[in-house]
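See below for the structure under consideration.
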């Protein structure tokens, strides 16, 4: 005569089956979410998501950090890009209403918001002294970027016309001096934290147009104020300032 199964054992086996089924449904849901998002992922994001999915299949959890927005472009989060784009549009609208849109324009890049300011809006040719109009233009820009947690790079650019003066032996010195003047003005007059802003001089080596006409060379002579994305900001060296008074 066969032994009768215990009711408690049957109940326990049923619970195990339900748990297994629930785990399977959860895994399938995670899998389809990942598959849906893959159509917009770049290679870097694909690798992150593959690792996350692998963790799920091994009994872990699917965790997507806030900075790893699905479908975002490399190095950028959806929210931060949207905010920076809005700032750029506001700046352009301000200068367009003043009839000075040819002097200042913006664009979104992988690095963040780039504010292009033409040389004629800031300096005289061959000079790194800010003109009166330059301060007005920088005031408007500062009103829109002051207080942001993003790191800001100020980059000086020239055309390929050589310069060889006592003060500026080459375009390196001129572009660096111009970037430094803008940094000092923004820091001294608008409170931009010195450890969150930096100056770079690229000379003639980062043109946005071929140096084959007077108009193109004029566009290459510029200062770019780059508001880095938060991802890029986190790669900047951290300040080591500390109180040495005691």
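Of the beta bridges DSSP finds with both residues in the stretch 78-233, what % are antiparallel, to the nearest 5?
Given both bridge residues lie in the stretch 78-233, the antiparallel proportion sits at roughly 80 percent.
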Practice task
Among 95, 123, rank each residue by its count of other Cβ atoms within 10 Å, from fewest to most, as a rough exposure measure.
Solution key: 95, 123
Practice task
Place the peptides 129-135, 109-115 in order of packing, highest mean first, counting for every residue the other Cβ atoms within 10 Å and averaging per peptide.
Solution key: 109-115, 129-135
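With the Cα gyration tensor of the stretch 78-233 giving a ≥ b ≥ c as the square roots of its eigenvalues, does the rule (a/c under 1.5 for rounded; else a/b larger than b/c for prolate; else oblate) give rounded, prolate or oblate?
Prolate, because a/c is 1.5 or more and a/b exceeds b/c.
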Exercise for the section: Go ahead and run the numbers for FRET between residue 96 and residue 164, Cβ-Cβ distance against an R0 of 41 Å, rounding to 0.05. Expected result: 0.60
Exercise for the section: Provide the gained length on full extension for the span residue 26 to residue 120, in nm with one decimal, where the gain is 0.36 nm per separating residue minus the Cα-Cα distance. Expected result: 27.8 nm
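Laboratory data are not the source of any read-out in this text; all were calculated from the coordinates shown. Fair warning: this is a prediction, and the values are worked out from it, not measured in the lab. As a convention, Cβ positions derive from the backbone with ideal geometry for all residues, glycine included, and neighbour counts pool all protein chains shown.
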